[in-house]
Each structure stands twice: as C-alpha cells, then as structure tokens.
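Enquirer: One structure is given below, represented as structure tokens, and several questions about it will come after.
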Amino acid sequence: MTGIKTHHILKIKIMDNTELSLIREFAPQLKINSKLGQAWIIILITGFIIGLFGLYWQIHKGHVVTGMRDYVVWGVYIVNFIFFMGLSYAGALIAGSLHLMKTAWSKPIMRMAEILTVVSLMIGPLFIILCIGRLDRLYYLFIFGRIQSPITWDVIAITTDLIGCIIFLYLALIPDMAILRDSDEFKDNSWRKKLYRILALGYQDTPEFNKILNRSKNIMAAIIIAIAIIVYSVLAWIFSVTLQPGWHSAIFGPYFVIAAVYSGTGVLIIVMWLYRKIYHLEAYITKEHFVKVGVLLLILAAFFGYFTFSEYLTKWYGSEKNDSFLIDRLFSDYFWMFIISNYAGVIIPLVIIGFPNLRTINSITFAAIICVIALWFNRYLIVVPTLETPFLPIQDSRPEFLNYSSTWVEWSTTLGGTALFCLLFTLASKFVPIIEVYGNKAKNGIPKSDNPIT
Amino acid sequence: MEKLKFISIGRILVGVFFSILFTLYFVGISYSQNEESKFRTRMSLDFYSNNDKTKTIKATVFTIKDRIRNYAINEKVYFYYGERSDENLLDSATTDNNGIAQLDFPEEFRFLTAEDRTISITAYFDGNDSFTEKSADINFIELEMELLLTQIDGSKTIEVRAYEKGIDDEMIPVKIADISYYVPRYFSDQKIGESDFTVGKSSIKFPDNIAGDTIGNISILARIEDHSIYGNVERSITNFRWGTTQPIEDDKSLMTIEITIPTRALWHTNAPLWMIITLIILLTGVWSHYIYVIFQLKKIHGLGKKNKLSQPAK
Amino acid sequence: MARKNKKSKNSRRNFLNSSMLLGTSALLLPEVMSSCKKPDDKVKVLTQEGKLVEVNKDEITHCHGASREESREGIPNRKFVMVIDLSKCRNARKCVDLCQEAHHLLPGQEFIRVYLMQRSEKSAPYWFPKPCFHCNNPLCASVCPVGATYKRSDGIVLVDNERCIGCKFCMTGCPYNARIFIWEKLEVGHDEENEKIEYSPETGIPHREGTVAKCDFCPDMIRQKKLPHCVTACPMGVIYFGDINEDSVTNGEETVSFSELIKNNDGYRYLETLGTDPSVYYLPATARLFPFEQGLENKDEEIIDRYKNAPYFKNKNNG
C-alpha cells in the first residue's frame, strides 16, 4: 500500500501512510455512494421544493396567505431569520475563540463549526427576504439605504459577516485542499482534483506558507469574533430601538448574543452527533469532545437563563401596564411555550450536563435538542406576543386581527429553508473532509514540519 | 219634443259636467304628479360689496330634502330691476357646481336706484324637470365703507367708517349695523371681534394675540354680514405691519412663529453626522482587515506558483 | 306660480285632451323619476359654511396630487395641525366612512379608527378618533431603510409606495398602530380612471400590493385649500384642522385660534411621554354632549363586536 507515485515526490516529506489512510477513511464520504446518502439528499431536495412552492404561492397571491396581519406584522419568518442567524454566531465565536486559544481538543469539531457558520449565514437572509412585501425592490436597500435605519445596519453587518466567515472558512480549508489535491484517491482529471488544485492555491506545508496562513487566520479569527457580536447586536437593536413594550429593553443586545451562541452550540452538538453516527467517526469525536462542548452548553444555558430571568423579572415586578399586559398574555395564551422555552430549555441542559453521571453522548445530544427547540420558542415569544399587545389596545379592528396564527405557507417555507440548510451541510461534507485532516497527523507521531499551522 | 230636448240637453250637460270632472281629475293627477315629483326650489339672493370695491349679486338655487341641500347646476337665472320684463333685464347668469349664479360688476358700475336710493333686484329661475320655478327679490342701498388702522399712544385700534351716499353726494352715516372683523386664514377666515356703529363709526381695539405670517404680515377683513339694508359689505387692509418702519421683533402684538426645518435628524433623509462618521470608521476598520487577508492569500498563491516552478517534478 | 291649463269646455276635446295629457304624463313620469340621481352616487359632506350637502361621489375622489418628487416638499410656510374635540364625538363614524370612500379602502383597513377609551376604571369612557398623528419626531421615518416614508416641511408624513419595499419596520415602529399594510392586490381603486392617474404619494392611489399605507391628512385636498375628508364628514364638527403658524384651526363651521382652543380646554397629546411629538391634539371629554352609549346604538353587529375588548367592557365583565 505504498501507492506513492513518483511525480508526487515533492510531497513525500509530508504525506505518508498515516495520512493516506486518513484520506482513505474520509474519501468515501466525499463520494455519494451509499443508498442512504442518496435517499437523504432526495428527501432534502423534496423538502426544498415544497418550500419553493410555498414561496411561489406567496408571491402569486400576496402576503395575505400568511398569518400576518396589520398588528402582528412579523411572524414565523422573522423568528426563523433570527434563529438561523443565531446559529451562525455560535459557529463564528466557537471557531474563532477556540482557534485563538489554540486548544487541541477542539480540532475535530472546528470544521463543523466553521461550516455551520457559513451555511446558516446563507440561510438566514433567505427568511428575511420572504418577509419583504416587494421582492422586486430588494435592491433599493442598497441604492436608497438610510444609515439611520437598523435594517440598513443589519444589511451591512450581515454582508460583512458573511464575507468574513467565508474567508475564515477558506483559510482553514487550504491545508486540507492541498492534501486532497495531492492524494491519489481521486483521478487526476476529475473535476474534484481540478477544484482542489485551484482552491489550494499552490500551498505547501512549509514554514513560509504557514507563517502567512497563521497570521491571516489569527487576524480573521479575531475579526470574526468581533463581527459576530456586532452583527447579532444589530439584529437585537432592530427590536429594541422601537418603543414596543417587550422590545424596548436595554439588555436586548447581550441577550440575543448569548441566546444565539447557546442555540448554535446546541446545533453544533447535534451536528457532531449526526456525523459521528453516519460517518463512523467514533475514533475522532469522542465522549470527551461531547463533554467539553456540553460544558460550554451548560455555561451558556446558565447565562441564557440569567438573562431571561432578568428580563422577565424586571417586567413583572414593575407595575407598568404595558409590561403587565404582556406578561399576562405570556402566561395565559402562551403558557406552555413559555415553560418549554424558558424553564425546560434552561433546566434540562443544566441538569443533564451538570451531573457527571448523567453525561453520555446521547444524553448530551438530547439536551442539545431541547435547547434548540426551546430557543426557537423563545424567539417566537419575543416577536409575536409583543405585537399582540401594543401601546394602544387593539380595538375597532376585525376580530381576526387580534391573534396571530401561522399558515401552511409559512410552515412550508420553513421546511424548505431547513431542508436547504441540511442540504448545504450535506453537500459541504461531500466536498471537504468534515474533520480537519491536516491537524490530525500530529497525533499520530509524525514529525511536523517546522512552524506548522497551529 | 220639448221634453226630449230638455232631456237631451240635460244629458249633455251632465256628460259635460262629468267629463269636466274626469278631465280635471286626470289632469290634476298627472299635473300634480309632475308637481310632486319635482322638488320645491328655494333661492337665496344676496348682494356683496367686495373689498376691492367691486360688487357682486349671487343667487343660490337649491332644494332641501332630509335636511340635505341639493344644488341646481347649470341653470339659467335672470336678474331684473323689479318686475320681469325685457326692459328691466339687468343680466342673466348660469349656476355653477355650487348652485350659485353670480353677476359681477366693476367699481364704477351704477345700479338703477329708486328715489330713496334703494336698489331692487329680482331673480327668476324658471325651473326644470326636477326643480320648480322660483323667484326672489332683494332691496338694498349701497354703502361706502373704509377701514383704518390707528395707533394713539401705543394703543392700536381698527376703525371703520361707513356712510351712505346721499342724493347730493353727501355722507349719511350708517344707522344701525353690526360689523365683524376677520383675519383670513388658509382654509377659512377667523373672527377676531365685532362691534356696532355709532354715527357711522365703529372700532375695536386691535387684539394682541393675532399671528401673522412668516414675516409678520397680517391682513384684516371687516364685514357687515347679511344686513337687511346694506346686504354684505366687506373691506380689508392687507399685508400690513404696525408702523411699517418698525422691525418685527419690537412688535409684540404680532406673533411670528419661526419655522425651523432641520437639515439632519434621525428621521430626516440626512443622517446625523456622528452616525455617518462612526459607520465609516467601523467599516473601514473591518474591511481593511479583509483586504489585507485577501492580499495574503494572493501571496500564498504567488508563492505556490514559484514553488512549483522552482522544484520541478522528478 | 303654476301655469294654468286652459280647460276646454267641449267634452270631446276634453276627453281627447285629458287622454293625451294622461298619456304624455304617463310617459313623462319615468323620465322625471330617473332624472333624480341614484342615492348611491351621492355622498353627504359638510361645507365650509356648515351646511350639510350631498355631492357626487366623483367630486370627492382625487384630483391630482403632486408628483413623487414634489410631494417630498411640503406646502411652503405651513405646518398643519389637527385638534379633536372628544366632548362632541359620539362614534357616528362618518369620518371613517368618508375616509374609506375617498382612499378606496376595504373595511378592516382603516386610516382613522375610533377607539373607546377610558382614562381610568372609574372615569366615564369616551370615543377617541385616532388618525395618524404625523409626529414631529416620527419613529416610522427613522426606521425606514429606504426612505419610503418621510416628513415634509409642512409637517405631513407621507408614504411613497413606489419606494416602499414592504419590510413593515415602520409598522412595528409606530407606537400608535397608525399604519396598515396592503396584503393583497386590491380590486378597489384599480379602475380605469385611477390607473390613468399618475401615482402620487399625496393621494396614495392606486394602492400598491405589498406596501404600507396610512392617514395622510389629504394633501391633495389641502393644496386646493379644502379641508381633509374626515373634517368635513363629521356631523358634530369634532375635528379641527389648520395651520399652526397662523394659529388658526377650523372644523368647517367655526374658525378659532389654535392656541386659545388648547389653552382654554386643556388640550393634550396622546402618550405625550413617548416623545414622538405628535401634531394631533385632543380636547378632553368634559361637558359631554352625549352619553357614550349612544355611540353603540344603531350600529351593525360587526361594529359593536369590535369594541368587546375595550377596557370598559372587559372591566364590566370582570367586576
């Protein structure tokens, strides 16, 4: 199994059996060859098409087919938008900060975090676009944009963040691209090989290259962390600069950031679990990883619970009528949603991960699932009940305007967006190794080149 | 034979009688139906002496149903001096969209007056399919009126002098009349006071809370409204400031509201400067890092090319 | 005044005459009836002299508002303000009806709404008409990302539906819920007449699907020195409108000094502490002309239903 071709002699000093075997292990994932994989992709594409149909129906009939009306003008679309954007900040923060802290244990999951960031940054804006009444005028946001508007801030911020995260992901991918380019798992003339060659930019694992790459990665990691916090705060400010009771809160910025990282970490755990199961990566993603990320989830759950409690305690204790209308509403019409999101969503992860005996891979993943569901409900509870209890009580309007109930159009587009999210993830894992190959060679006792990438 | 004659004459008479009744009945029904289906017209006839000394006579033709006015549009109204006849015809006019038929006369125009200096005008409307015919008349004497502003020892007054022109051009002071004072505003005229006449003179103290326009100009209208003898008389003084050489700031009786339109505001098209500057600083900071990294990538690309060339495959 | 018919003494001529008359009047009768306009074509308004008049509907539909560029400039040297006298309002809803007519709106999309408010549990409820307040510090204009809603120099806040992208941020920004959204393509207002008119933000018709609309103080009427429709429609003269620079407001019948009106009647603005600086003032409902229950008499079930969540009824049901 030497398989080392002569014209790869340049790479001999880097590649060897272990690395080849690593590639051979990952390579099968890179090809769509299992029945299950194919079926999965077909399911996702179907879901996406359902979403497209919902979108077509909405464009054809107008926004009247959604459940939104003159009082509750923002519904499921905005909730999904905030939710998906939130996932991305977890990826950015985790990838960025773990990189800067140079932790060794996080290597296998970094790639997943980076891909999570980019994919959810692409899906999030799709949902906000669904909420816009005149899609044909979307470009007005750029040519007529007003700087005073939080939506303009959001447009600028998301664009900046997306580009930054793509650059960061790319920087992380370069060494793996190089390895894939040099491996012989793929035919030389295949499109994959060509793509890898282009994307690798002629990188070699030498000190020269590594110095440049390291510097760039450090810069981008720091910027990504800052940008992620700013972008999600801007999103929070879209709500908090209005005067609506329930939104006009000073801690919305930090609250949203914490909730975002929390939900993103939950999704990250789920992604870890899925990939581990499907691609049999038990050797690389161990219980230790789950525990470490789980502890991160625990800390974030505590912060999230703290912010939520602080927010609602202030509203409830003070006697302002608008706040008390909102609290009454939350505890009457939305009681179960409130319990699941703010109690279960905090306590269950705390308990499961807090007790070392309870920590298993499956239980931690379960906690992550609860976290994700709870956070989607939390977003819903932030957006919709406030709009149902405005300053002026809703009067002299038709009864159907009083409450918001989402319609099939909104759910079908949610399904479509989620399917697209999973689809992009799946396709990404087919194209790049889902675990960083480059870093792993150090574990196997192979002498690294001087000044490797850390 | 004579009996027969009587009987036949009697029959004929009875027949005539009943046919007359019959005819009357049907004619009456048909005519009254015509009459009932028409609306009872009302007409108001007014004389106006305007503030540019021109004169106007207005006839408004309308009906009222359920307390709602319905104006007759595009109908001809004839104006006569007194009885309706060709030589008495003054003029005719057509009603506009508001049902008003209007005759305008220049300042020099002299009406035909009777010996006691009254002018009698009658207006006739001949009716149409939905309006009955109507006429109205008016008797009035023309009034000479002038409006003055006086300032004595710092107290400002508006003074009106009104008199009738006698036969020998003497001035006969107005006897009894109420006069109202108005300030013309954008949508309507605002009343600021009223007074009555003593020996042809009337005055009010100029109110001290009247707003002028943006440069402090103000106009005053004085009107005698719906007088039984004089009709409507209006005179005005426009665009004055008290003591024209005085600067506005010293004139405390005229309120001037400053109009300031901000050039930058949160809600304005132009953003506050600090926002623009902050945004530029932030964006430059972030994107400069991006551009730097992209250049680094280019450097890697260049290095890669160099390496490939310098180390040929064996 | 009546023209007298000459009666013929001859019975035959009589008979012929009368039958002819009968015949012709029978023919004329439908003519006479049809020359009266159908009741639907007319609408009742209050003229500036305070007289109740019926006008043809076409007279109240829009003449031409200014073009999109011009409508961003206000009428020079004016600053419009509205005063609503709550002691006279009895929920006649004529303001709502005429505004709906003039702006081609469907029921449920109202620019001006009438609320049943109560200052506190023990105070008497009162009817509260609420148009857009045309705030001097408008949150809606601050948050619009494309500048589709703007405040002009004469104080009027308009929406340019050719610029609006339908993000609805302004609707969440307005604390008074003054805005509505056009959720689907409206059939009303899209007839041939209106399609030929160049779109103007001052009239807002024809409506554009997927954009926001709101009370606009009828700038097309104001440009012609006519009062907005709600002012003329109100049979009680509740709404006063005018130029604050001239210190004069009128409700069609009487013209009063704005500052005197506010001073003598303790005029206030709703939710003043929000800092939006509205241009609509309210005169408190003291010395009422009617008990508020009159506002619920002779109304459709649907209208009465709309008030069942008003605080007054809620408190009655609870306590």
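The values are calculated or read from the model by the stated rules, or taken from the named source; none is laboratory data. The shown structure was predicted, so the numbers you read here are calculated from the model rather than taken from an experiment. Glycine also receives a Cβ, built like all others from the backbone with ideal geometry; neighbour counts cover every protein chain displayed.
Enquirer: For B:Asn139, are the conditions met, namely being assigned to a strand (DSSP E or B) and farther than 26 Å from B:Val233 by Cβ?
Expert: Working: assigned to a strand (DSSP E or B): yes; farther than 26 Å from B:Val233 by Cβ: no.
Answer is no for this residue.
Enquirer: For the structure I just gave you, tell me whether A:Ile230 is within 11 Å of chain B (Cβ to nearest Cβ) and either in contact (Cβ under 8 Å) with a residue 24 or more places away in the chain or on the phi > 0 side of the Ramachandran plot (or both).
Expert: Considered against the rule, which asks whether it is within 11 Å of chain B (Cβ to nearest Cβ) and either in contact (Cβ under 8 Å) with a residue 24 or more places away in the chain or on the phi > 0 side of the Ramachandran plot (or both), A:Ile230 comes out as yes.
Enquirer: Check C:Asp85 against each of (1) over 20 Å from C:Lys214 (Cβ atoms); (2) at pLDDT below 85 and name the one condition it does not meet.
Expert: With (1) over 20 Å from C:Lys214 (Cβ atoms); (2) at pLDDT below 85 applied to C:Asp85, the lone miss is (2).
Enquirer: Name the residues in the stretch A:387-408 that are within 12 Å of chain C (Cβ to nearest Cβ) and assigned to a helix (DSSP H, G or I), would you?
Expert: A:Leu387, A:Glu388, A:Pro399, A:Glu400, A:Phe401
Enquirer: Still on this structure, please answer the following. Inside the stretch B:171-217, can you point out the residues that are in a loop (DSSP other than H, G, I, E, B), of a type in the set (A, V, I, L, M, F, W, C) and more than 22 Å from B:Leu143 (Cα to Cα)?
Expert: Of everything in the stretch B:171-217, those that are in a loop (DSSP other than H, G, I, E, B), of a type in the set (A, V, I, L, M, F, W, C) and more than 22 Å from B:Leu143 (Cα to Cα) turn out to be B:Phe187, B:Phe206, B:Ile215.
Enquirer: Condition (residue is of a type outside the set (A, V, I, L, M), surrounded by 14 or more Cβ atoms within 10 Å (Cβ to Cβ) and under 21 Å from the mean Cα position of the chain (by Cα)) applied to the stretch B:81-88: is it met by at least one residue?
Expert: The answer is no, given that none of the residues of the stretch B:81-88 is of a type outside the set (A, V, I, L, M), surrounded by 14 or more Cβ atoms within 10 Å (Cβ to Cβ) and under 21 Å from the mean Cα position of the chain (by Cα).
Enquirer: Is one or more of the residues making up the stretch A:366-383 surrounded by fewer than 23 Cβ atoms within 10 Å (Cβ to Cβ), farther than 30 Å from C:Arg179 by Cβ and not aliphatic (A, V, I, L, M)?
Expert: Among the residues of the stretch A:366-383, at least one is surrounded by fewer than 23 Cβ atoms within 10 Å (Cβ to Cβ), farther than 30 Å from C:Arg179 by Cβ and not aliphatic (A, V, I, L, M), which makes the answer yes.
Enquirer: For the subset of the stretch C:149-159 comprising residues that are surrounded by fewer than 24 Cβ atoms within 10 Å (Cβ to Cβ) and part of a loop (DSSP other than H, G, I, E, B), which member is nearest to the other protein chains (Cβ to nearest Cβ)?
Expert: C:Ser153
Enquirer: Considering the stretch C:276-314 alone, what residues qualify as being among the aromatic types (Phe, Trp, Tyr) and under 24 Å from C:Ala178 (Cα atoms)? Can you show your working first?
Expert: Step one: list which residues in the stretch C:276-314 are among the aromatic types (Phe, Trp, Tyr), which gives C:281-282, C:290, C:292, C:307, C:312-313.
C:Tyr281, C:Tyr282, C:Phe292, C:Tyr307, C:Tyr312, C:Phe313 - these are the residues of the stretch C:276-314 that are among the aromatic types (Phe, Trp, Tyr) and under 24 Å from C:Ala178 (Cα atoms).
Here's the yes/no breakdown for (1) more than 14 Å from every other protein chain (Cβ to nearest Cβ); (2) surrounded by fewer than 17 Cβ atoms within 10 Å (Cβ to Cβ); (3) in a loop (DSSP other than H, G, I, E, B); (4) in contact (Cβ under 8 Å) with a residue 24 or more places away in the chain:
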| residue | (1), (2), (3), (4) |
| --- | --- |
| C:Tyr281 | yes, no, no, yes |
| C:Thr286 | yes, yes, yes, yes |
| C:Leu289 | yes, yes, yes, yes |
| C:Gln294 | yes, yes, no, yes |
| C:Tyr307 | no, no, yes, yes |
| C:Lys314 | no, yes, no, no |
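Enquirer: Would you check if there is a residue in the stretch C:259-270 being assigned to a loop (DSSP other than H, G, I, E, B) and modelled with pLDDT under 85?
Expert: no
Enquirer: Within the stretch A:257-344, considering only helices (runs of 4 or more DSSP H) that don't extend past its boundaries, which have at least 3 residues that are farther than 30 Å from A:Ile394 by Cβ?
Expert: The helices (runs of 4 or more DSSP H) meeting that bar are A:287-317.
Enquirer: Right, next: Just checking, which of A:Val384, A:Val437 is out of contact with any Lys or Arg (no Cβ under 8 Å at 6 or more places or on another chain), within 14 Å of another protein chain (Cβ to nearest Cβ) and among the hydrophobic types (A, V, I, L, M, F, W, C)?
Expert: Working: A:Val437 fails: within 14 Å of another protein chain (Cβ to nearest Cβ).
When all the criteria are applied, what remains is A:Val384.
Enquirer: Here's another thing I want to ask about it. Counting only residues that are more than 10 Å from chain A (Cβ to nearest Cβ) and assigned to a strand (DSSP E or B), which one in the stretch C:202-218 is surrounded by the most Cβ atoms within 10 Å (Cβ to Cβ)?
Expert: Out of the qualifying residues, it is C:Lys214.
Enquirer: I'd like to verify a number: residues in the stretch C:84-111 that are within 14 Å of another protein chain (Cβ to nearest Cβ) and in contact with a strand residue (DSSP E or B) (Cβ under 7 Å, 6 or more places away or on another chain), how many?
Expert: Going residue by residue through the stretch C:84-111, those that are within 14 Å of another protein chain (Cβ to nearest Cβ) are C:89, C:91-97, C:99-100, C:105-111.
The next check asks that each one be in contact with a strand residue (DSSP E or B) (Cβ under 7 Å, 6 or more places away or on another chain); those that pass are C:89, C:91, C:93, C:95-96, C:109, C:111.
Number of matching residues: 7.
Enquirer: Of everything in the stretch C:123-161, what is of a type in the set (D, E, K, R) and either touching a Ser or Thr at 6+ places or on another chain (Cβ under 8 Å) or under 15 Å from A:Gly145 (Cα atoms) (or both)? Give them in sequence order.
Expert: C:Arg152, C:Asp160
Enquirer: Could you tell me which of the residues A:Ser319, A:Ser341, A:Ser310 is touching a helix residue (DSSP H, G or I) at 6+ places or on another chain (Cβ under 9 Å), within 18 Å of A:Trp247 (Cα to Cα) and surrounded by fewer than 17 Cβ atoms within 10 Å (Cβ to Cβ)?
Expert: Within the list A:Ser319, A:Ser341, A:Ser310, the selection yields A:Ser310.
Results for (1) acidic (Asp, Glu); (2) surrounded by fewer than 20 Cβ atoms within 10 Å (Cβ to Cβ); (3) without any contact (Cβ under 8 Å) to a residue 12 or more places away in the chain, shown as yes or no for each residue.
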{"position": "A:Asp333", "(1), (2), (3)": "yes, yes, no"}
{"position": "A:Met337", "(1), (2), (3)": "no, yes, no"}
{"position": "A:Phe355", "(1), (2), (3)": "no, yes, yes"}
{"position": "A:Ile361", "(1), (2), (3)": "no, no, no"}
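Enquirer: While we're on this one: If only one of A:Tyr139, A:Tyr170 is free of Cβ contacts under 8 Å to residues at least 60 places away in the same chain and closer than 23 Å to A:Trp57 by Cα, which one is it?
Expert: A:Tyr139
Enquirer: Also, I was wondering about something else. Going by the conditions given, is C:Glu253 more than 27 Å from B:Leu266 (Cα to Cα), within 14 Å of chain A (Cβ to nearest Cβ) and either out of contact with any helix residue (DSSP H, G or I) (no Cβ under 7 Å at 6 or more places or on another chain) or aliphatic (A, V, I, L, M) (or both)?
Expert: no
Enquirer: While we're on this one: Considering only residues of the stretch A:253-283 that are surrounded by fewer than 22 Cβ atoms within 10 Å (Cβ to Cβ) and of a type in the set (Phe, Trp, Tyr), which is modelled with the lowest pLDDT?
Expert: Per the criteria, the residue is A:Tyr279.
Enquirer: Being part of a helix (DSSP H, G or I) and either among the hydrophobic types (A, V, I, L, M, F, W, C) or surrounded by 14 or more Cβ atoms within 10 Å (Cβ to Cβ) (or both) is the filter here, so list the residues in the stretch C:296-305 that pass it.
Expert: Passing the criteria: C:Leu296, C:Ile303, C:Ile304.
Enquirer: Kindly indicate whether A:Thr160 is facing another protein chain (nearest Cβ under 7 Å) and surrounded by fewer than 21 Cβ atoms within 10 Å (Cβ to Cβ).
Expert: The answer is yes for A:Thr160.
Enquirer: Out of the residues in the stretch C:221-246 meeting the condition of being surrounded by fewer than 24 Cβ atoms within 10 Å (Cβ to Cβ) and of a type in the set (D, E, K, R), tell me which one is nearest to the other protein chains (Cβ to nearest Cβ).
Expert: Ranking the candidates gives C:Lys225 first.
Enquirer: Out of everything in the stretch B:147-172 that is exposed (fewer than 13 other Cβ atoms within 10 Å of the Cβ) and acidic (Asp, Glu), what residue ends up being nearest to B:Lys201 (Cα to Cα)?
Expert: If we take residues in the stretch B:147-172 being exposed (fewer than 13 other Cβ atoms within 10 Å of the Cβ) and acidic (Asp, Glu), then B:Glu170 is nearest to B:Lys201 (Cα to Cα).
Enquirer: Additional query: Kindly provide the set of residues from the stretch B:96-116 that are of a type in the set (D, E, K, R), farther than 17 Å from B:Tyr80 by Cα and away from chain C (no Cβ under 14 Å), ordered by number. Even if it seems obvious, please write down each step before you answer.
Expert: From the stretch B:96-116, those of a type in the set (D, E, K, R) are B:96, B:104, B:107-108, B:110, B:115-116; that's our starting set.
With farther than 17 Å from B:Tyr80 by Cα added as a condition, the list becomes B:96, B:107-108, B:115-116.
Passing the criteria: B:Glu107, B:Glu108, B:Glu115, B:Asp116.
Enquirer: For the stretch B:69-77, indicate whether the set of residues that are surrounded by fewer than 19 Cβ atoms within 10 Å (Cβ to Cβ), without any contact (Cβ under 8 Å) to a residue 24 or more places away in the chain and under 14 Å from B:Ser135 (Cα atoms) is non-empty.
Expert: no
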